[in-house]
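A.B. asks: Before I ask anything, here is the structure I am working with.
The numbers here are math on the coordinates, done by the rules we state, and not lab data. The model shown is predicted, which means the values in this text are computed figures rather than measured ones. Note that each Cβ is placed from the backbone with ideal geometry, even for glycine, and that neighbours are counted across all protein chains shown.
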Amino acid sequence: MQNKNIRNFSIIAHIDHGKSTIADRLIEYTGTLSKREMEAQVLDNMDIERERGITIKSQTVRLNYKGKDGEEYELNLIDTPGHVDFTYEVSRSLAACEGALLVVDAAQGVEAQTLANVYMALEHDLEIIPVINKIDLPSADPERVKKEIEDVIGLDTSNAVLASAKTGIGIEEILDSIVDYIPAPEGDENAPLQALIFDSFFDSYKGVIAHIRVVQGHIKKGMKLKLMNSGKVFEVTDVGCFKPQPVDLGHLDVGEVGFVAGSLKDVRDVRVGDTITYAENPAAEPLPGYRGVNPMVYCGLYPVESSDYDNLKDALEKMQINDAALVFEPETSVALGFGFRCGFLGLLHMDVIQERLEREYNLKLITTAPSVIYHVYKTDGTMIKVSNPAELPPQTEIEHIEEPYVKATVIVPNDFVGAVMEISQDKRGEFKGMDYLDTNRVMITYHIPLNEIIFDYFDRLKSATRGYASLDYELADYKESKLVKVDILLNGDPVDALSTIVHKDRAASRGRQLAAKLKEIIPQQMFEIPIQAAIGSKVIARENVRARRKDVLAKCYGGDISRKRKLLEKQKEGKKRMKAVGSVEVPQEAFMAILKID
Amino acid sequence: MRKQRWGLYIHIPFCRQKCFYCDFPSFAGRERYEADYTDALCRELAEQGVLYREKWGRPQTIYMGGGTPSVLDVALLEQILQAISETFAWKGINEAERPEFTVECNPGTIDEAKLALLRAGGVNRLSFGVQTFDDALLKRIGRIHTGAQAREAMELARAAGFRNVSMDLIYGLPGETQAMLVHDLETMVSLQPEHISIYGLQLEEGTAFARMQEMGKLSLPDDDTVEAMYDAMTSFLPQHGYARYEISNFAKPGFESRHNLSYWQDVPYLGIGAAAHSYLEGQRYENVREIPAYIEGIRSGSGVRRQEEAMTREIAMEEFAFLALRTARGIDRRHFEQRFGVPLDAIYADAIAKLKRQGLLAEDTAGVRLTELGMKYGNVAFEEFLL
């Protein structure tokens, strides 16, 4: 295919604005898949993705389209993850494109996350085609949304397409706009290869399959290639494009998007953002923008049954085969035994991994509350990074602690500005600015500790703004904070997995809330259980779980033993998620209790 | 024929009135079925009873429960007793070798004639559903008799020659105080039954009490009071000569209910009648629950017994263990090993160690048994024996 007939684009949208449905319609309209082959939302093919209506992995598909001018075009769609956890992955996907469709809901208008992604696309000099979707809705107001896009983002909307992916309106116009407005890729077919990896996954037959954009040069089957960052060398066994199943074409030419596979066994060698070049006659420089994996959030994962430790390890290793962003290392907790400290890109990433471990590997897990990475400067002049509150050194050894702050952008209707500010202030946020997007909508910017974002910031925003708030954030910097560790003692014994790091000014109230919450969560047992919250040796809160009352099955009618057994089984089922900590049975949700207090 | 210890259970699903707390398979207002039911029951007994007699010999225990067996009139009772005695042909066998034969009675539905009939028919043990001696409480829980009738029933039983009588008590009734329970216990021991069963009231789904509770019309004593009642009961009865040989059962020496014990000791039993349960050759069965369906099943010969969940070796071990733990003797190591071919510790060492730590279990070379605390938290201990 000649370069002038190739278009590489992605779709930018806020959750629920219809990105996946538009992708489906494009696939259908171009005949890439017949209607019969279409499953709803073809591109989100993980169960969890479909259930949650989100995209976690990038997906790529090549569409063949005959333009109005009668020429055949090759349109490469790169579907990007739609969540703040995957910002870096999104940026690499955008770097593989020349243009993007900006899908905005005709009723909802521009949201915080849309903005963040649009700005990112603009940074990559992408040509942006606004698509106003869901114009069939009674509440649709395309003109208002167009104006919003012009005012807020500064985009010209004269070429905007009005569409309804649900009913099929505007799909052809979208395809024609892609051909008309998005520039064809440039590049030299004979230059040393530079191919950008924007995603990768593991296939048990072919090994690691890298999603790539050929920026310079070309790839043929049998070539010896090299990953410039990891240094791995491999021979190309498969090279081609997705339709959306992988199709082996034997080659990929300059400007094209597709995949390459070879003798690569470890997804960690094939990092998103790395550059592939020729093993001999390599490119002088890798493509810009590579960044190593950078977990933002850590938590402990422990098997409920300690005998499941090896199974959990296997499962994590298998998961890592397909997810280079997952990091983990063994960790021991006095309370929970042997487990793993796991790092994630964010809360969603964490949730998804946990859910998949339980669902796909049938593991019962205890998850400790998520933590950010603290920089702890010790009195001896050294700095250590702490992602597990239990590992915070004693107060006397600490000179000061720094914690990560994010720049949080919130967009809300006018009426809720007060609520947003109140919550953000309460979350130790520093007000940075406020801009009116139009007469009704406001963009508010705060610097907020990431720690506070993790603890229900978005949930509180949502409920205080009746669901109208949209949030985006990015890591800003590390700043000194007065932080202390609050320990929890059950039955007099400290439970390391329940320790938490909080700001000094609110340690006392957090301690009280946490103790009260634990009292609700921990069921009555045969003895009274004192719950204490303490900073160092100073107890700041106290609660008691009363001893439980007698518990024994009474009369057994005429030898009906099965019924008795069923009652016992039900009772046992209820305890499956409990972990014996010392002599106390603690339900798994207790370890997340800190997230549940308000 | 291989001699084998076994028990026979006979279910009489009729009641004059359904007690408000009761979720057993028993029905009021079904008098019209009594005659047909008795026919069907006798036929099942003749067929099944003979089958197992030929296999295992006579049963060591017979228990007629309900419902209210004593609600049947003299003619129907006689028909059943006749069928039993024919099936097991014990005429001429001396009294001491006859089975323990219990019939449950409601103090409001007996008289001299019925008791004499039972005695003559081989019944040697009576179990009275007393529940409480407080008339106001009796009324509140849907019983049809008074406290005076319960006391009188005891006299009638003695007069009819019964030397082994049990009484049931329930505590934690709506509006009951600890003083009222103590009064019941005192009355109970003054009557000197040989055996006492005592249960804490439980709200069961589908009962009148469950509905009242939902509507907020039931005022049950609070947990602390019920706990105090339990403590009072478990110390009072042993002080008055009744040993606790099972979680809910107390007896004077030598008067433990052998039938009741057989449920906990892995002894097979044949259940006759609607909704009766059987435990035969290591499998558990239940007869159809509805009276008309039962009668029809027997008449047509299509069968009334269906197997419950198939017994695996694992389930068998679990049940063996948690049932045995209900008794004061607990799990007998030798018995367990004989039954399963592995030592108890090979399966349950962890559970036993954990429960010992918690003070719920005591252990010696003969076996393991619940401590006093363990009896109180029986469910916690039983659960540990589920594999």
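A.B. asks: Projected onto the charge dipole of the stretch B:25-106 (+1 at Lys/Arg Cβ, -1 at Asp/Glu Cβ, origin at the Cα centre), which of B:28, B:62, B:74 gives the Cα projection farthest towards the positive end?
C.D. replies: B:62
A.B. asks: To two decimal places, what compactness ratio does the stretch B:251-387 give when its Cα radius of gyration is scaled by 2.2 N^0.38 Å?
C.D. replies: Working: Rg = 17.6 Å, N = 137, 2.2 N^0.38 = 14.3 Å.
For the stretch B:251-387, the normalised Cα radius of gyration is 1.23.
A.B. asks: Going by how many other Cβ atoms sit within 10 Å of their own, how do A:228, B:167 line up, fewest first?
C.D. replies: Values: A:228 19, B:167 24.
Arranged by neighbour count, lowest to highest, A:228, B:167 become A:228, B:167.
A.B. asks: Among A:114, A:367, which comes first, then next, by fewest other beta-carbon atoms within 10 Å? The partial results should precede the final answer.
C.D. replies: Numbers: A:114 26, A:367 21.
In order of increasing Cβ crowding within 10 Å: A:367, A:114.
A.B. asks: Would you mind calculating the relative contact order of chain A from Cα pairs under 8 angstrom and at least 6 residues apart, reporting the percent as a whole number? Show your work: numbers first, answer last.
C.D. replies: Details: 1302 pairs, mean separation 58.2, N = 598.
Once divided by the residue count of chain A, the mean separation gives 10 percent.
A.B. asks: What ³J(HN,Hα) values, in whole Hz, does the Karplus curve 6.51 cos²θ - 1.76 cosθ + 1.60 give for the stretch A:210-226 when θ = phi - 60°, with x put for Gly and Pro?
C.D. replies: Ordered by residue, 3J(HN,Hα) equals 9, 7, 9, 10, 7, 8, 9, x, 8, 10, 10, 3, x, 5, 8, 10, 9 Hz.
A.B. asks: What net charge is computed for the residues neighbouring residue A:471, neighbours being all others with C-beta under 10 Å from the C-beta of residue A:471, Lys and Arg scored +1, Asp and Glu -1? Before the final figure, lay out each step's value.
C.D. replies: Values: positive: A:462; negative: A:111, A:472.
That works out to -1.
A.B. asks: Also, quick follow-up: Using the number of other C-beta atoms within 10 angstrom as an exposure proxy, rank B:125, B:140 with the fewest first. Display every interim value, and only then the final one.
C.D. replies: On the way: B:125 24, B:140 17.
Ordered from fewest to most neighbouring Cβ atoms within 10 Å, B:125, B:140 come out as B:140, B:125.
A.B. asks: Just to confirm the number: angle between the C-alpha axis of helix A:347-360 and the first principal axis of chain A, 0 to 90 degrees, nearest 10?
C.D. replies: That helix lies at roughly 80 degrees to the long axis.
A.B. asks: Moving on to the next point. Could you calculate the FRET efficiency of residue A:377 with residue A:595 from 1/(1 + (r/R0)^6), where r is the beta carbon distance between them and R0 is 25 Å, rounded to 0.05? If you can, show how the numbers build up before the last one.
C.D. replies: Values: r = 28 Å, r/R0 = 1.11.
My answer for the efficiency is 0.35.
A.B. asks: Select from B:379, A:207, A:508 the residue farthest towards the positive end of the dipole of the protein assembly as shown; place +1 on Cβ of Lys and Arg, -1 on Cβ of Asp and Glu, and compute about the Cα centre.
C.D. replies: B:379
A.B. asks: Give me D for the stretch B:313-384 in µm² s⁻¹, whole number, from Stokes-Einstein with Rh from the Kirkwood sum over alpha-carbon pairs, 10 °C and 1.306 mPa s.
C.D. replies: Working: Rh = 11.9 Å.
For these conditions, the coefficient is 134 µm²/s.
A.B. asks: Once you've got the Cα coordinates, tell me which of A:166/A:407; A:364/A:570; A:146/A:596; A:485/A:517; A:220/A:265 are over 28 Å apart. Present the calculation step by step, with values, prior to reporting the outcome.
C.D. replies: Numbers: A:166/A:407 35 Å; A:364/A:570 17 Å; A:146/A:596 40 Å; A:485/A:517 18 Å; A:220/A:265 20 Å.
In this structure, A:166/A:407; A:146/A:596 lie more than 28 Å apart at Cα.
A.B. asks: Write out the GluC sites (Glu not before Pro) in the stretch A:518-554 meeting two conditions: DSSP loop, and at most 14 other Cβ atoms within 10 Å of their Cβ. Intermediate results must be reported in sequence, preceding the final value.
C.D. replies: On the way: sites: A:520, A:528, A:543; in loops: A:528.
Of the GluC sites (Glu not before Pro), the ones in loops of the stretch A:518-554 whose Cβ has at most 14 other Cβ atoms within 10 Å are A:528.
A.B. asks: No partner Cβ under 4.7 angstrom, meaning no disulfide-compatible partner by this rule: which Cys of chain B qualify?
C.D. replies: Isolated Cys, chain B: B:15, B:42, B:105.
A.B. asks: Shielding by partners for B:379-386, please: the mean number of other protein chain Cβ atoms within 10 Å of each residue's Cβ. Don't skip to the end; give the middle numbers.
C.D. replies: Values: counts 9, 8, 2, 9, 9, 2, 1, 6.
Per-residue shielding by partner chains comes out at 6.
A.B. asks: Quick check: convex hull over the Cα atoms of the stretch A:165-211, volume per residue in Å³, rounded to an integer? List each step's numbers first, then the result.
C.D. replies: Numbers: hull volume 7.5 nm³, N = 47.
Cα convex hull per residue, to the nearest whole number: 161 Å³.
A.B. asks: log₁₀ I(q)/I(0) of the stretch A:272-379 at q = 0.11, 0.12, 0.19 Å⁻¹, via Debye over equal Cα point scatterers, no solvent, to two decimals?
C.D. replies: -0.45, -0.51, -0.94
A.B. asks: With a cut-off of at most 14 other beta carbons within 10 Å, and DSSP calling the residue loop, which GluC sites (Glu not before Pro) in the stretch B:126-230 qualify? Please list them. Numbers along the way, then the final one.
C.D. replies: Numbers: sites: B:152, B:155, B:176, B:186, B:194, B:204, B:205, B:214, B:227; in loops: B:176, B:194, B:204, B:205.
Qualifying residues, ordered by number: B:204, B:205.
A.B. asks: Kirkwood Rh, Cα Rg: Rg to Rh for the stretch B:48-109? If you can, show how the numbers build up before the last one.
C.D. replies: On the way: Rg = 12.8 Å, Rh = 12.9 Å.
The Rg/Rh ratio comes out at 0.99.
A.B. asks: Determine the calculated [θ] at 222 nm for chain A from helices alone, applying -39500 (n - 2.57) to every DSSP H run no shorter than 4 residues and normalising by the residue count; nearest 500 deg cm²/dmol. Provide the component values of the computation, followed by the final result.
C.D. replies: On the way: 12 runs with 134 residues, N = 598.
The helix contribution divided over chain A gives -7000 deg cm²/dmol.
A.B. asks: Here's something else I'd like to know. Ignoring solvent entirely, what values of log10 I(q)/I(0) come out of the Debye formula for the stretch A:375-481 at 0.10, 0.15 Å⁻¹ when each Cα is a single scatterer?
C.D. replies: -0.35, -0.66
A.B. asks: Take the Cα gyration tensor of the stretch A:106-217, multiply each eigenvalue by 5, square-root it, and list the three semi-axes largest first, rounded to whole angstrom.
C.D. replies: On the way: eigenvalues 217, 65, 45 Å².
Ellipsoid half-lengths, sorted descending, are 33, 18, 15 Å.
A.B. asks: Can you list the equivalent-ellipsoid semi-axes of the stretch A:459-574, largest first and in whole Å, using the square root of 5 times each Cα gyration tensor eigenvalue? Before the final figure, lay out each step's value.
C.D. replies: Numbers: eigenvalues 332, 107, 28 Å².
So the three semi-axes of the stretch A:459-574 are 41, 23, 12 Å.
A.B. asks: Given 37 °C and 0.692 mPa s, how large is the Stokes-Einstein diffusion coefficient of the stretch B:160-221 in µm²/s, with Rh as the Kirkwood radius over Cα pairs?
C.D. replies: Working: Rh = 13.5 Å.
Diffusion coefficient, whole number: 243 µm²/s.
A.B. asks: Same structure, new question: Just from the alpha-carbon atoms, what are the Rg and Dmax of chain B in angstroms?
C.D. replies: Expressed in Å, the Cα Rg and Dmax of chain B come to 21.0, 58.
A.B. asks: Still on this model: What are the trypsin sites (Lys or Arg not before Pro) within the stretch B:176-278 that DSSP puts in a loop, where the Cβ has at most 10 other Cβ atoms within 10 Å? Don't jump to the answer; show the numbers that get you there.
C.D. replies: Values: sites: B:211, B:217, B:244, B:258; in loops: B:217.
Sparse-neighbourhood loop trypsin sites (Lys or Arg not before Pro): B:217.
A.B. asks: Relative contact order for the stretch A:176-220: what is it in percent, counting Cα pairs under 8 Å that are at least 6 residues apart?
C.D. replies: Working: 56 pairs, mean separation 18.9, N = 45.
Once divided by the residue count of the stretch A:176-220, the mean separation gives 42 percent.
A.B. asks: Rg and Dmax in Å for the stretch B:87-209, alpha carbons only: what are they?
C.D. replies: Using the Cα atoms of the stretch B:87-209, the pair Rg, Dmax is 16.0, 51 Å.
A.B. asks: Shifting gears a bit: Please work out how much length the chain gains when fully extended from residue A:480 to residue A:265, using 0.36 nm per residue of separation minus the C-alpha to C-alpha distance, in nm with one decimal.
C.D. replies: On the way: separation 215, 0.36 × 215 = 77.40 nm, distance 4.22 nm.
Contour length minus the Cα-Cα distance gives 73.2 nm.
A.B. asks: What is the calculated FRET efficiency for residue A:577 to residue A:436, with r their C-beta to C-beta distance and R₀ = 41 Å, to the nearest 0.05? Could the numbers behind the result be given before it?
C.D. replies: On the way: r = 48 Å, r/R0 = 1.17.
Plugging the Cβ-Cβ distance into 1/(1 + (r/R0)^6) gives 0.30.
A.B. asks: What is the spread of the Cα atoms of the stretch A:183-293 along each of their three principal axes, largest first, in whole Å?
C.D. replies: If we take the Cα atoms of the stretch A:183-293, the spans are 34, 29, 26 Å.
A.B. asks: Now a separate question. Other chains' Cβ within 10 Å of A:543-550 residues: what's the mean? Each step should come with its number before you reach the end.
C.D. replies: Working: counts 0, 0, 0, 2, 1, 4, 9, 14.
For peptide A:543-550, the averaged partner shielding equals 4.
A.B. asks: At a threshold of 8 angstrom on Cα-Cα distance, excluding pairs fewer than six apart, so keeping six or more, what relative contact order does the stretch B:313-384 reach in percent? List each step's numbers first, then the result.
C.D. replies: Details: 74 pairs, mean separation 23.7, N = 72.
Contact order relative to length: 33 percent.
A.B. asks: What is the Å³ per residue value for the convex hull set by the Cα atoms of the protein assembly as shown? Before the final figure, lay out the partial values.
C.D. replies: Values: hull volume 226.2 nm³, N = 985.
Enclosed volume per residue, from the Cα hull, is 230 Å³.
A.B. asks: Which residues does a label at residue A:329 reach in the stretch A:291-317, if reach means a backbone N under 20 Å from a point 7 Å past the Cα toward the Cβ?
C.D. replies: Only A:292-303, A:310, A:312-317 fall inside the zone, counting backbone N under 20 Å.
A.B. asks: I need the phi-derived Karplus couplings for the stretch A:312-321: 6.51 cos²θ - 1.76 cosθ + 1.60, θ = phi - 60°, integer Hz, Gly and Pro marked x.
C.D. replies: Using θ = phi - 60°, the values come out as 5, 4, 4, 5, 5, 5, 5, 5, 5, 4 Hz.
A.B. asks: Continuing with the same structure: Compute the Cα gyration tensor for the stretch A:262-328, then decide on rounded, prolate or oblate, letting a ≥ b ≥ c be the square roots of its eigenvalues: rounded whenever a/c is under 1.5, prolate when a/b is larger than b/c in the other cases, and oblate in all that remain.
C.D. replies: Values: a/c = 6.18, a/b = 2.20, b/c = 2.81.
Since a/c reaches 1.5 but b/c is at least a/b, the shape of the stretch A:262-328 is classed as oblate.
A.B. asks: Here is a further query. Along the positive direction of the dipole of the protein assembly as shown (beta-carbon charges: Lys, Arg +1; Asp, Glu -1; about the Cα centre), which of B:116, B:267, A:524 reaches farthest?
C.D. replies: It is B:116, whose Cα lies furthest towards the positive end.
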